[in-house]
């Protein structure tokens, strides 16, 4: 497997992929190790995550540079991901004991009813490349804390980061067979999912998620899918236009738009549409496009070369149907996976740009006549990950967002994830959840105890 720098196409390193035999052996060892790991008190497992956090802090600069080189994220954004990870780890450290505590729900002179949380067993975690620390830790940290063994396959676009995560967890005290890193691309992931694991946790595209769901269904194992989004935001007519434009430009273009909850559709009230577009384009023009290791770079290359064609097709389709390119619209003529930050107006829902996931630095802005039209368009999608409204009127925002089908609702903010809130989706955005206390319990199986005195 060749690890290639998306900024310049240079070879970083070659790694051996895990074949079917190696994956099978890792599963067998994980099954044995999990029983011993689960038998250890939670009070002994929690310090492993605390030491893991300390190791990340010690190696932040090295880890950030590795992430930037292998998937193209600008260096400051790589550091941001690592710094913000500390809050998530603290949440798991602080909340796991209470979340997994047994609960007595009835007790009288004859019978006691109790709920305990048992680990699933061995879980497969097929993770993503866009935020490998965030997305991965949302799964493997609470899974390990809950007493599971994890077979962790990082994306092939973040393999070196995945290996570093394994090194740090092992150094922190996680047994090697409790957390095993598996390297490879799609075929490797399919082989991992086919193992007799007790749960499959996947982050990625809807198309791959549907295949994983079909593979898991006959086996009746837990299958959790964190998939894509076509995240809409509605800008009302009473906003501070400049402030809203600056916030939403960042929400659309951060990490080159390669975020599950990046703003992908904008609906702007007709009364402020033209002024908003002008401010939005001015903001995006100010983003520096350069070497992702440059401290001042905001927009780097795409992680995957194949996505360049997706962006070109969406823009060509939109233009053919009447859209106007206000900024960008094409590849950047340099070695690597570069695409211009692109803003299109006069768009509508006949265009793929407003219906299919984009996952790049391209945004469509559609003029709407009012709140009712905005709600209808926001719900006109197979996805349902996040949705937002910008207005100073809290009541108006809540009334609109209450009608929108999405796992997360944003008022005057976007592209935000909190460890305290569940991360979930509707429709093609997936099933199950991570984060919050529910995202700790999801790695367990509730067991019901009926205890009657003789």
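The values are calculated or read from the model by the stated rules, or taken from the named source; none is laboratory data. Keep in mind that what you see is a predicted model, and the values were worked out from it rather than measured. Here Cβ is always computed from backbone atoms with ideal geometry, including for glycine, and neighbour counts include all displayed protein chains.
Quick notes
- Residue match in segment 22-35 (condition: outside the structural domain of residue 297 (by TED's automatic domain parsing), farther than 19 Å from residue 162 by Cα and crowded, with 21+ Cβ neighbours inside 10 Å): yes
- Residue that is surrounded by 13 or more Cβ atoms within 10 Å (Cβ to Cβ) and out of contact with any helix residue (DSSP H, G or I) (no Cβ under 7 Å at 6 or more places or on another chain), where the choices are 86, 43, 38: 38
- Of all the listed residues (347, 272, 277), the sole one being in the same structural domain as residue 412 (by TED's automatic domain parsing), surrounded by fewer than 24 Cβ atoms within 10 Å (Cβ to Cβ), out of contact with any helix residue (DSSP H, G or I) (no Cβ under 6 Å at 6 or more places or on another chain) and in contact (Cβ under 8 Å) with a residue 12 or more places away in the chain is 277.
- Verdict on residue 133 being in the same structural domain as residue 444 (by TED's automatic domain parsing) and in a helix (DSSP H, G or I): yes
- Residue within segment 193-200 that is modelled with pLDDT of 95 or more, closer than 30 Å to residue 403 by Cβ and not assigned by TED's automatic domain parsing to the domain that holds residue 398 present: no
- Among the residues examined, residue 284 qualifies as part of a helix (DSSP H, G or I) and farther than 24 Å from residue 375 by Cα.
- In summary, residue 199 fulfils each of the numbered conditions (1) crowded, with 24+ Cβ neighbours inside 10 Å; (2) closer than 23 Å to residue 377 by Cα; (3) more than 18 Å from the chain's Cα centre (by Cα) with the single exception of condition (2).
- Check on residue 325, under 30 Å from residue 211 (Cβ atoms), in the same structural domain as residue 261 (by TED's automatic domain parsing) and either touching a strand residue (DSSP E or B) at 6+ places or on another chain (Cβ under 7 Å) or modelled with pLDDT of 95 or more (or both): no
- Annotation: of all residues in segment 217-243 being out of contact with any helix residue (DSSP H, G or I) (no Cβ under 7 Å at 6 or more places or on another chain) and part of a helix (DSSP H, G or I), the one that is surrounded by the fewest Cβ atoms within 10 Å (Cβ to Cβ) is 218.
- Check on residue 448, touching a helix residue (DSSP H, G or I) at 6+ places or on another chain (Cβ under 6 Å), surrounded by fewer than 19 Cβ atoms within 10 Å (Cβ to Cβ) and either on the phi < 0 side of the Ramachandran plot or not assigned by TED's automatic domain parsing to the domain that holds residue 49 (or both): no
- Among (1) surrounded by 24 or more Cβ atoms within 10 Å (Cβ to Cβ); (2) more than 24 Å from residue 428 (Cα to Cα); (3) not assigned by TED's automatic domain parsing to the domain that holds residue 62, the one test that residue 178 misses: (3)
- The set of residues from segment 287-336 being part of a helix (DSSP H, G or I), over 22 Å from the mean Cα position of the chain (by Cα) and under 21 Å from residue 155 (Cα atoms) comprises just one member, 309.
Condition check ((1) in the same structural domain as residue 89 (by TED's automatic domain parsing); (2) outside any strand (DSSP E or B)) across all residues:
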{"residue": "367", "(1), (2)": "no, no"}
{"residue": "375", "(1), (2)": "no, yes"}
{"residue": "397", "(1), (2)": "no, yes"}
{"residue": "404", "(1), (2)": "no, yes"}
{"residue": "413", "(1), (2)": "no, yes"}
{"residue": "436", "(1), (2)": "yes, yes"}
{"residue": "440", "(1), (2)": "yes, yes"}
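- Restricting attention to segment 161-207, the residues that are closer than 25 Å to residue 44 by Cβ, in contact with a helix residue (DSSP H, G or I) (Cβ under 8 Å, 6 or more places away or on another chain) and part of a loop (DSSP other than H, G, I, E, B) add up to 8.
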